[in-house]
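Asks: Pasting in a structure now, in structure tokens, and then I'll have a few things to ask.
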Amino acid sequence: MRVIGGLGNQLHCYAFGRALAVQNGALLYLDAESGYWNDPFGRMYLLDQFFGLNARYTSTQPNSKCARQFFMLGLKLKSYYSRLLPLSMKLIVLEGTPPCYKEDIHLARYIATPYFIGYWASYRYYQGIEKELRHELKPTVPKHPSIQELLSQIRSARLCFIHWRSF
């Protein structure tokens with residue numbers, strides 16, 4: 001699973017990948033590097049702040065511009081050849097546009113070990129593993145007294161939070 005975007009999108013990528021791993025009885029490997037090589041907003045991978053992730057990291061390790069270009073060329077070639085294969089055997093699975101829930105991708109039983117590229121920002125992908133995700137993505141609370149005081153203030157206040165996103 002290639003992880004991209006800000007923290008919210010990273011959470012969607014993780015949840016999607018985790019759900020597919022559970023469904024296919026497989027391990028989840030995260031590429032937390034290549035999605036940030038040319039990020040236009042200077043974002044970086046942040047999921048490493050969650051200590052309960054049930055995933056392993058795959059390292060692309062190209063530290064030179066030339067090596068990165070070869071890695072990206074490899075992805076393009078695999079993506080091209082994947083178009084000729086049935087979904088269960090694809091090497092690269094692209095979310096496509098517009099980014100929306102794709103039932104065929106969600107319900108497929110994968111024979112190969114595909115590399116997923118996209119935001120995968122639909123709750124429907126990870127329905128059924130919400131409990132596991134809440135446990136794995138539970139942030140640790142720092143024990144520092146000033147943080148505990150701030151947390152106490154937040155918990156005692158009447159607050160409202162609204163997040164609106166549209167495409």
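The values are calculated or read from the model by the stated rules, or taken from the named source; none is laboratory data. Computed from a predicted model, the values in this text were never measured in an experiment. With ideal geometry, Cβ positions are generated from the backbone for all residues, glycine too; neighbour counts draw on all protein chains shown.
Asks: Quick check: is even one residue across the stretch 3-17 of a type in the set (Phe, Trp, Tyr), within 27 Å of residue 107 (Cβ to Cβ) and either at pLDDT below 90 or out of contact with any strand residue (DSSP E or B) (no Cβ under 6 Å at 6 or more places or on another chain) (or both)?
Replies: Yes.
Asks: Another question, if that's okay. Go through 36, 80, 45 for me and flag whichever is more than 19 Å from residue 136 (Cβ to Cβ) and in contact (Cβ under 8 Å) with a residue 24 or more places away in the chain.
Replies: Matching residue, one of 36, 80, 45: 36.
Results for (1) modelled with pLDDT of 95 or more; (2) part of a helix (DSSP H, G or I); (3) under 19 Å from the mean Cα position of the chain (by Cα); (4) of a type outside the set (A, V, I, L, M, F, W, C), shown as yes or no for each residue.
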residue	(1), (2), (3), (4)
70	no, yes, no, no
74	no, yes, no, yes
120	yes, no, yes, no
135	no, yes, yes, yes
146	no, yes, no, yes
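Asks: Within the bounds of the stretch 153-166, is there any residue that is closer than 22 Å to residue 51 by Cα, assigned to a loop (DSSP other than H, G, I, E, B) and under 19 Å from the mean Cα position of the chain (by Cα)?
Replies: Within the stretch 153-166 (the criterion being closer than 22 Å to residue 51 by Cα, assigned to a loop (DSSP other than H, G, I, E, B) and under 19 Å from the mean Cα position of the chain (by Cα)), the answer is no, since none of the residues qualifies.
Asks: A follow-up question, please. Does residue 40 qualify as being out of contact with any strand residue (DSSP E or B) (no Cβ under 7 Å at 6 or more places or on another chain), within 23 Å of residue 129 (Cα to Cα), part of a loop (DSSP other than H, G, I, E, B) and not small (Gly, Ala, Ser)?
Replies: No: the conditions fail for residue 40.
Asks: While we're here: What's the number of the only condition in (1) among the small types (Gly, Ala, Ser); (2) out of contact with any His (no Cβ under 8 Å at 6 or more places or on another chain); (3) not in a helix (DSSP H, G or I) that residue 21 fails to meet?
Replies: So residue 21 meets the others, but not (3).
Asks: If the requirement is being aliphatic (A, V, I, L, M) and in contact with a Pro (Cβ under 7 Å, 6 or more places away or on another chain), which of these qualifies: 92, 105, 4?
Replies: Step by step, each of 92, 105, 4 is checked, and only 92 is aliphatic (A, V, I, L, M) and in contact with a Pro (Cβ under 7 Å, 6 or more places away or on another chain).
Asks: Here's another thing I want to ask about it. Taking residue 59 as meeting all but one of (1) of a type in the set (S, T, N, Q); (2) closer than 22 Å to residue 33 by Cα; (3) modelled with pLDDT of 90 or more, write down the number of the exception.
Replies: (3)
Asks: Would you confirm whether or not the stretch 132-150 contains a residue that is under 21 Å from residue 103 (Cα atoms), loosely packed, with under 11 Cβ neighbours inside 10 Å and touching a residue at least 24 places away in the same chain (Cβ under 8 Å)?
Replies: No, every residue in the stretch 132-150 fails to be under 21 Å from residue 103 (Cα atoms), loosely packed, with under 11 Cβ neighbours inside 10 Å and touching a residue at least 24 places away in the same chain (Cβ under 8 Å).
Asks: When you look at residue 89, is it closer than 29 Å to residue 127 by Cβ and touching a residue at least 60 places away in the same chain (Cβ under 8 Å), yes or no?
Replies: Spelling it out, it is not the case that residue 89 is closer than 29 Å to residue 127 by Cβ and touching a residue at least 60 places away in the same chain (Cβ under 8 Å).
Asks: Give the residues of the stretch 102-117 that are part of a loop (DSSP other than H, G, I, E, B) and either of a type in the set (Val, Ile, Thr) or surrounded by 13 or more Cβ atoms within 10 Å (Cβ to Cβ) (or both), sorted by residue number.
Replies: Passing the criteria: 102, 108, 110, 111, 112, 113, 114.
Asks: OK, next. When you go through 7, 28 one by one, which is the residue that is under 18 Å from residue 133 (Cα atoms) and touching a Gly at 6+ places or on another chain (Cβ under 6 Å)?
Replies: Just one listed residue meets the conditions, 28.
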